[in-house]
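Colleague: Dumping the structure here so I can ask a few things about it.
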Amino acid sequence: MDGHSIAEVWDRVLGTQPAPPQWIALGSAGLALLAVLPQPLWRITRNVVTIAHEGGHGLTALLTGRRLSGIRLHSDTSGLTVSSGKPTGPGMILTAAAGYTAPSLLGLGGAALLAAGHTTALLWISIALLAGLLIMIRNAFGLLSVIVTGAAFFLVSWYGSSELQGAFAYLGVWFLLLGGVRPVAELQRKRRHGGARDSDADQLARLTGVAALVWVTVFLVVALACLGLGGSWLVGPVPPFG
């Protein structure tokens, strides 16, 4: 690739792209909903939410000065992020709180980029985040999951038409916004039946003295707020900062 080609690539990444037709924005929302609601399909697609969940734990651990030892993603859509540092305090609290909120917050950020016309930037930022996550994965299934997801983003961003890129980006963002809600409901259902006693919410309860149910409620409020705000950006006008 010559210098002129590199300049063209960067111009496209940093520039803006026209918004796709509204039927794509609405249709991708419908497809994302279909990927979230049926249980057989959710068993597969939930792996993407787990990537975002564990990535949220890992990134927050690093940002708060903790030492990130590794991340594991399992075929049953569970995951584990191991970090070391002070067992209490703001860093540990933020790290524990980041998992269930990460998919929705990533979806909200993606919606802001799409509403501002930065489709290509969104795809490349996603690739960069997945590449960073890949370094910290410590099991084979996790490596496969992240590589397959990253390859999909790369192929669409590099070879896909502008229409395909737009549809793929909108589908991915809608999926994060919608998919960020269901795991919170699943968590509380497990807790109500006596399971998930070492969940993020229960760890936060031990760290803060605030009841686990309150933390589950916080997770749900964040997820619904991101869905409402991000969804309005995807089907409405560009947000003020666009």
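The values are calculated or read from the model by the stated rules, or taken from the named source; none is laboratory data. Because the structure is a prediction, the values reported are computed rather than measured. When we count neighbours, we look across all protein chains shown, and the Cβ atoms used for this are built from the backbone with ideal geometry, even at glycine. SASA here: full protein model, heavy atoms, side chains in, ligands and nucleic acids out. Shrake-Rupley method; radii C 1.70, N 1.55, O 1.52, S 1.80 Å.
Colleague: Pick from Ser83, Ser28, Ser75: which is most flexible by mean-square fluctuation in a GNM of the chain where alpha carbon atoms under 10 Å apart are linked?
Modeller: Ser75
Colleague: Would you be so kind as to identify which of Leu129, Ala29, Gly180 lies farthest towards the positive end of the dipole of the chain, taking Lys and Arg as +1 and Asp and Glu as -1 on Cβ and the Cα centre as origin?
Modeller: Result: Gly180, furthest along the dipole toward the positive end.
Colleague: If you look at just the Cα atoms of the range 1-131, how large are its Rg and its Dmax in Å?
Modeller: 17.8, 51
Colleague: Put a dot 7 Å past each Cα toward the Cβ at Arg189 and Leu143; how far apart are the dots in nm?
Modeller: It works out to 3.4 nm between the two label points.
Colleague: Averaging the inverse of every distinct alpha carbon separation and then flipping it gives the Kirkwood radius. What is it for the range 63-191, in angstrom units?
Modeller: After inverting the mean inverse Cα-Cα distance, the result is 16.2 Å.
Colleague: Relative to the first principal axis of the alpha-carbon coordinates of the chain, what is the inclination of helix 140-159, with its axis defined by its Cα atoms, in degrees from 0 to 90 and to the nearest 10?
Modeller: Taking the Cα atoms of the chain, the angle to 140-159 is about 20 degrees.
Colleague: Can I ask one more? How many Å² of accessible area per residue for the range 1-159, probe 1.4 Å?
Modeller: With all protein chains present, the range 1-159 gives 51 Å² per residue.
Colleague: Take the Cα atoms of the chain, build their convex hull, and give its volume per residue in Å³.
Modeller: Considering the Cα atoms of the chain, their hull volume per residue is 136 Å³.
Colleague: Ignoring ligands, DNA and RNA, what percent of the accessible area of the range 96-226 is carbon or sulfur (1.4 Å)?
Modeller: Result for the range 96-226: 73 percent of the exposed heavy-atom area is carbon or sulfur.
Colleague: Also: Rounded to the nearest 500, what is the 222 nm mean residue ellipticity of the chain from helices alone, with -39500 (n - 2.57) per DSSP H run of 4+ residues and division by all residues?
Modeller: That comes out to -25000 deg cm²/dmol.
Colleague: Compute the helix-to-body angle for 182-192: its Cα long axis versus the longest principal axis of the chain, expressed 0 to 90° and rounded to tens.
Modeller: Once rounded, the angle reads 10 degrees.
Colleague: Order Ile125, Ile44, Ile51 by their accessible area, 1.4 angstrom probe, all chains in place, largest first.
Modeller: Accessible-area ranking of Ile125, Ile44, Ile51, largest first: Ile44, Ile125, Ile51.
Colleague: Compute, for the chain, the length of the dipole vector about the Cα centre, with Cβ point charges of +1 (Lys, Arg) and -1 (Asp, Glu) only. Units Debye, rounded to 20.
Modeller: 960 debye
Colleague: Between Leu213 and Arg182, what FRET efficiency follows from the Cβ-Cβ distance if R0 is 22 Å, with the result rounded to 0.05?
Modeller: Calculated transfer efficiency: 0.75.
Colleague: Now for a different question. Residues with amide H under 5 Å of Ser69's amide H, sequence separation 5 or more or different chain, H placed in the peptide plane at 1.01 Å from N; which?
Modeller: For Ser69, whose amide H was placed from the backbone, the distant partners under 5 Å are Val82, Ser83, Ser84.
Colleague: Using a 10 angstrom cutoff on alpha carbons, build the Gaussian network for the chain and name the most mobile of Glu186, Glu54, Glu163.
Modeller: Glu186
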